[in-house]
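What follows is one structure encoded as structure tokens, with my remarks underneath.
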Amino acid sequence: MKNLPLHWRILLGMVVGVGLGVAAVLFDAWGWNGQRLDETGELQGWTWAQLVVNWIKPFGTIFINALKLVAVPLIVASLIKGVTDLKDLSKLSSMGGRTIALYLLTTAVAVTLGLTLATVVGPARGLSQETRESLAASAEGAAQSKLDLANQQSEMGPLQPLVDLVPSNLLAAAADNGSMLQVIVFVLFFSVGLLLSPPDKAKPVKDFFDGVNEVVLKLIDLIMLYAPIGVLALMAAMVAETQSWSIFIALMKYCLCVFVGLTAMVTLFYPLVVRFFTGVPYGAFFRGISPAQLLAFSTSSSAATLPVTMERTEEHLGVDEEVASFVLPIGATINMDGTSLYQAVAAVFIAQAYAVDLSFNELITVALTAILASVGTAAVPSAGIVMLVAVLRAVGVPVEGIALILPVDRVLDMCRTVVNVTSDATVAMLVAKKAGKLSPPHERKWDDHYPPEQAGGD
């Protein structure tokens, strides 16, 4: 097991986790648990699902918390190191412009693919009113909470996203994964100040953050040793907590439509772009990024996966650290290809469910709104469903329709996060290639600098 590649260990953890979750659901369905009727006629005792949630899920929560713990220190240290290593503000401007342009381009491709699939397949054509009402009723409470949050955002001024870029309190922004873009803005501002400072004054500060960056990278290596167990716990809890499996059948065409689009982006578009522009083979690309993809699937969070994405992109795909530390943190906050594709399909699905015929101009509006909304989507689970409200409002589709897709949102959220992470790595490789910063992989071990006799080495 020790010599098994990390992506296979994570995949094995996912399979075992799903198996445990399915077993818990089946055992409860068959009554093989400690739940019995008491004197008052109420069920008392324990269920297998409760055991999974109470005794297995916490290990997954610990894993996610550990990744979130190092995310902000990693962004701060690596971004400062990356920007100051450039030693030239014109290089920073050039890299930033190229990065944002590529992110917008890949997002446009994802949205176009989503709209095309949804329009051709028509996942909600012929959906009966009875089915629509039952789907809406199954997620009424969750839908209302998302609508309330979306209403709060819609009441803000048109320049509020610009205002939100500059934090009033750095510590508060660093404590919230949804405010990662604010942290990045401050760090970029700080890095520019560091570049403009006298070299003798700036060097101790730069050396400090270089050291912090190395330490955090080692912490990530240690956390990833625990990844298979963490993923196992997350998958087992996800399956055990799932309710109303029968309702998923009514959404199968919608799920299939989104899944086909996301799969096409991951297995065709990104690897072909990487192969054409960088020469990295299809297999090498997936061997390098697959642990980050599997982790993204398990956590549904680009922010939580960011430390692993950076480690895999630098060490296993050959992207120079100064490029990866600049491109990837920005991508985790503004590059949401999977979310944009999903929003495009969901908008068409909901419109068809309510018999709203979207014109070509309205489809263009959906595309543009989804692209812009993806920039403001937080890199945390289910944030895309809130931004979907803005997309629906842009074309006059009933926003209450988000209740139709909420029963399967969690599963699709896992899939679209894989696309987001893969896109980030792809753009990092393209930017690195253009800047002459793409080299052969150089994997580092967690015990590289540890005495062999203590690390168990030869």
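For segment 180-207, name all the residues that are without any contact (Cβ under 8 Å) to a residue 24 or more places away in the chain and under 30 Å from the mean Cα position of the chain (by Cα).
If the condition is that a residue be without any contact (Cβ under 8 Å) to a residue 24 or more places away in the chain and under 30 Å from the mean Cα position of the chain (by Cα), then Gln182, Val185, Phe186, Phe189 are the ones that fit.
What helices (runs of 4 or more DSSP H) completely inside segment 141-213 contain at least 2 residues that are within 25 Å of Thr299 (Cβ to Cβ) and at pLDDT below 80?
170-174, 180-196
Would segment 235-253 turn up any residue that is β-branched (Val, Ile, Thr), in contact with a helix residue (DSSP H, G or I) (Cβ under 9 Å, 6 or more places away or on another chain), surrounded by fewer than 18 Cβ atoms within 10 Å (Cβ to Cβ) and modelled with pLDDT of 80 or more?
No, segment 235-253 contains no residue that is β-branched (Val, Ile, Thr), in contact with a helix residue (DSSP H, G or I) (Cβ under 9 Å, 6 or more places away or on another chain), surrounded by fewer than 18 Cβ atoms within 10 Å (Cβ to Cβ) and modelled with pLDDT of 80 or more.
Hey, does segment 384-405 have a residue that's under 30 Å from Ala173 (Cα atoms), modelled with pLDDT under 70 and not in a helix (DSSP H, G or I)?
no
As an exercise: evaluate Asp413 against (1) acidic (Asp, Glu); (2) at pLDDT below 80; (3) closer than 23 Å to Ala292 by Cα and give the number of the one condition it does not meet.
Only one criterion is unmet by Asp413, namely (2).
So that you can scan it fast, the table gives a plain yes or no per residue for (1) surrounded by 24 or more Cβ atoms within 10 Å (Cβ to Cβ); (2) over 20 Å from Met95 (Cβ atoms); (3) without any contact (Cβ under 8 Å) to a residue 60 or more places away in the chain:
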{"site": "Phe286", "(1), (2), (3)": "no, yes, yes"}
{"site": "Ile289", "(1), (2), (3)": "yes, yes, no"}
{"site": "Ser300", "(1), (2), (3)": "yes, yes, no"}
{"site": "Met310", "(1), (2), (3)": "yes, no, no"}
{"site": "Ser325", "(1), (2), (3)": "yes, no, no"}
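Condition first: in contact with a helix residue (DSSP H, G or I) (Cβ under 7 Å, 6 or more places away or on another chain) and under 24 Å from Ala71 (Cβ atoms). Now tell me which residues in segment 194-220 satisfy that.
Across segment 194-220, the qualifying residues are Leu194, Val205, Lys206, Phe209, Asp210, Val212, Asn213, Val216, Leu217, Leu219, Ile220.
Test Leu294 against the stated conditions and say whether it is farther than 28 Å from Leu165 by Cα, touching a residue at least 40 places away in the same chain (Cβ under 8 Å) and in contact with a helix residue (DSSP H, G or I) (Cβ under 9 Å, 6 or more places away or on another chain).
yes
Please state which one of Ala344, Ala355 is modelled with pLDDT of 70 or more and not in a helix (DSSP H, G or I).
Of Ala344, Ala355, the one residue that is modelled with pLDDT of 70 or more and not in a helix (DSSP H, G or I) is Ala355.
Residue-by-condition table, conditions (1) at pLDDT 80 or above; (2) in a helix (DSSP H, G or I); (3) in contact with a Leu (Cβ under 6 Å, 6 or more places away or on another chain):
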{"position": "Asn361", "(1), (2), (3)": "yes, yes, no"}
{"position": "Ala370", "(1), (2), (3)": "yes, yes, no"}
{"position": "Asp409", "(1), (2), (3)": "no, yes, no"}
{"position": "Val418", "(1), (2), (3)": "yes, yes, no"}
{"position": "Val421", "(1), (2), (3)": "yes, yes, no"}
{"position": "Asp424", "(1), (2), (3)": "yes, yes, yes"}
{"position": "Val427", "(1), (2), (3)": "yes, yes, yes"}
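Can you confirm whether Tyr270 is without any contact (Cβ under 8 Å) to a residue 60 or more places away in the chain, on the phi < 0 side of the Ramachandran plot and of a type in the set (Ser, Thr, Tyr)?
Taking the combined requirement at face value, the residue does not satisfy it.
The values are calculated or read from the model by the stated rules, or taken from the named source; none is laboratory data. Computed from a prediction, not measured in an experiment: that's the story for all the values here. For neighbour counting, all protein chains shown are included, and Cβ atoms are generated from backbone atoms with ideal geometry for every residue, glycine included.
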